[in-house]
Amino acid sequence: MFIRKNKEKTKGETILKYLSTRGTNEQVSSSLAILQGIAKDGGLFVPTEIPKIDKTLEQLSKLSYNKLAYEILKLYLTDFTEAELVSCIENAYNCNKFDNPLIAPLVQKDEYYFLELFHGRTLAFKDVALSILPHFMKTAAAKNGYENGKDEIVILTATSGDTGKAAIEGFADVEGTKIVVFFPENGVSPIQKLQMTTSEGKNVRVVGVLGNFDDTQTGVKKIFAQNPGKYSSANSINIGRLVPQIVYYFHGYFQMAKSGAIELGQPINFTVPTGNFGNILAGYYAKEMGLPINKLICASNENKILYDFFTTGTYDKNREFFITTSPSMDILVSSNLERLIYHTLKDGAKTKELMGSLLSNGNYNFSMKNELFTAQFANSEEGALAINKLYSKCKYVIDTHTAVALASYNKFKEQNDNGFKNIIVSTASPFKFPEAVCTAIDKKQCEGKNSFELMEVLSHLENTNIPEQVKNINKREVKHSTVCKVEEMTNNVIF
Ligand SMILES: *Cc1c(COP(=O)(O)O)cnc(C)c1O
């Protein structure tokens, strides 16, 4: 049983509203929050209250991934009907989109548990949310009076690699939507580039930008600013990306219970390789909903701004920026941290003040008194060692981001072995980063080989096939070859 405040009752249903982290009183429905992406005052949408699960852990533990997803999503997307949610879920999580029937399988290797979130179309955890977001948007558009065939949702994305392709896979050929992805022409890995430029789908446009990722991102923000309300966002500030991620924390926990490693109800830890703070924030929501979590271990690479924040209470982006072997975590502004701060303070005005300080001074002070979070970091070298050690022992290969989490977890354990079981959230397939991964395992074998040859090496090392998602990607037809200057980006939002 749970009691929800702050909600209206309509037609016997409880409605959960969303408001901005920056204190404006505007409250919107879940569908509008998803369509809008970001609040009008520049804040992020959060639910007025984090709902509690309305079934027991035992009941939930018996459900398939899709049924479990329904039980979680229905508590957040309260203006979607049951039929609409089920349709979104079935369209997102099926054998055409994921190569493992469990969607997010938990595997035990050595003393570690890995929650593999890379079985989707683009081999990164972003597929979990981006497979369903387009369906949410389409449903939300219909609810909010968009006319089919007339009002289109156009998604603009700037990417440094992973988000762009995951968003394309999600939105390709989804009726009523178009997607434009801008990527830095010379700033993504060869495999990431080919993943994007060989994309199919009539509603997809991919454009290389002659500039770095920051230029690309700034260009997209400019287009948003010049055309208010015209475009939607597929990046992790959208609440429609956060909510689907809560599901796999429950799913991972239940798989661990099923294996007999824990009893239902016993708390565990999760170690999460973190960049924009979206993935780990979903773990916080899971805990607030009633999942027994002891600690969320926030793992950073050399860009350890979050480690410094959690340990010192100062968030300061005035620092050196490192390019690492875990590029999706090379980030100095972790957008979703704003949501945690808001939930902790429950004060929009104060949150706005801190974010204002970040914008004008590049820093803010806030001592996060949240017992749930702890932080660690590991550099590329420590990550490589972790890859090597695990491979030597188990013949199991992890990617560079997951390796940061593993190395960070080992440090955590050395410092405080509190006896809790731990799940390492595994965010990408090693086949996305063959250069760094192969080198970590067997440097000699890798010298002078290109990415595709290294995929072969990896496939022999792991004794698995190269995933279909990237196999022969160098032989696929390049469908997108437009390259433009930063100033020309606006003219390229066309089909
Ligand atoms: C995006 C990404 C991360 C970071 O996740 P956040 O939600 O941004 O914290 C970690 N690993 C991989 C492989 C990613 O693509």
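The values are calculated or read from the model by the stated rules, or taken from the named source; none is laboratory data. Since the model is a prediction, treat every value here as computed from it, not as a measurement. Reconstructed Cβ throughout: ideal geometry from the backbone, glycine too, with neighbour counts over all protein chains shown. Keep in mind that these areas ignore ligands, DNA and RNA; they rest on the heavy atoms of the full protein, side chains included. Shrake-Rupley method; radii C 1.70, N 1.55, O 1.52, S 1.80 Å.
Descriptive notes on the structure:
- Ratio of Rg to Rh over the stretch 106-226 (Cα coordinates, Kirkwood Rh, two decimals): 1.04
- All distinct Cα pairs of the stretch 404-450 go into the 1/r average, and the inverse of that average, the Kirkwood radius, is 13.0 Å.
- Counting every C-alpha pair in the stretch 308-394, the share spaced more than 23 angstrom apart comes to 37%.
- 31 Å tail of the calculated P(r), the chain, as % of Cα pairs: 41
- Debye equation applied to the C-alpha atoms of the stretch 384-431, log10 I(q)/I(0) at 0.19, 0.27, 0.28 Å⁻¹: -0.62, -1.05, -1.09
- The stretch 174-180 - phi-based ³J(HN,Hα) in whole Hz, Karplus 6.51/-1.76/1.60, Gly and Pro as x: 7, 4, x, 10, 9, 9, 10
- By the Cα gyration tensor, the stretch 421-495 has an equivalent ellipsoid whose semi-axes, rounded to whole angstrom, run 32, 18, 14 from largest to smallest.
- Separation in nanometres of the label points that stand 7 Å from Cα toward Cβ, at Glu175 and Thr312: 5.5
- Once both labels are positioned 7 Å from their Cα atoms along Cα-to-Cβ, the gap between Gln27 and Lys67 label points is 3.4 nm.
- Relative contact order computed over the stretch 38-132 (Cα-Cα under 8 Å; 6+ residues apart), in percent: 18
- Reduced Cα scattering model of the stretch 159-309, Debye log10 I(q)/I(0), q = 0.14, 0.20 Å⁻¹: -0.86, -1.24
- In the frame of its principal axes, the stretch 380-463 has Cα extents of 44, 19, 18 Å, reported largest first.
- Taking packing as the residue-averaged number of other Cβ atoms within 10 angstrom, the listed peptides 372-379, 348-355 run from highest to lowest as 372-379, 348-355.
- Cα convex hull of the stretch 349-490 - mean projected area over all directions, nm²: 14.7
- Normalised Debye scattering of the stretch 239-279 at q = 0.23 Å⁻¹ gives log10 I(q)/I(0) of -0.83, counting only Cα atoms as equal scatterers and leaving out solvent.
- Debye, to nearest 20: dipole size of the stretch 173-264, +1 on Lys, Arg Cβ, -1 on Asp, Glu Cβ: 220
- FRET efficiency for Glu263 and Asn491, using Cβ-Cβ distance with R0 set to 56 Å, rounded to 0.05: 0.40
- Kyte-Doolittle mean at least -0.5 and Cα axial length at least 18 Å: DSSP H helices in the chain: 239-258, 348-361, 380-394
- Scoring 71-83, 168-180, 469-481, 273-285 by mean Cβ neighbours within 10 Å over their residues and listing the highest first yields 273-285, 168-180, 71-83, 469-481.
- Spin-label pair Glu414/Glu353, simplified geometry with 7 Å Cα→Cβ offset, distance in nm: 4.0
- The Rg/Rh ratio for the stretch 280-325, using Cα coordinates for both the radius of gyration and the Kirkwood hydrodynamic radius, is 1.08.
- With Rh defined as the Kirkwood radius, the inverse of the mean 1/r over Cα pairs, the Rg/Rh of the stretch 17-88 is 1.05.
- Between the stretch 412-459 and the stretch 19-54, the Cα center-to-center distance that results, in Å: 37
- Mean projected area of the convex hull spanned by the Cα atoms of the stretch 453-495, taken over all viewing directions: 4.8 nm².
- For the chain: accessible area per residue (Å², 1.4 Å): 42
- At 1.306 mPa s and 10 °C, Stokes D of the stretch 182-271 from Kirkwood alpha-carbon radius, µm² per second: 93
- Across all directions, the average projected area of the convex hull around the alpha carbons of the stretch 55-124 is 5.9 nm².
- The chain, helix-only ellipticity at 222 nm - DSSP H runs n ≥ 4, -39,500 (n - 2.57), divided by all residues, nearest 500: -12000 deg cm²/dmol
- Semi-axis lengths, Å, the stretch 1-134, gyration tensor of Cα atoms, sqrt of 5 times eigenvalues: 29, 19, 15
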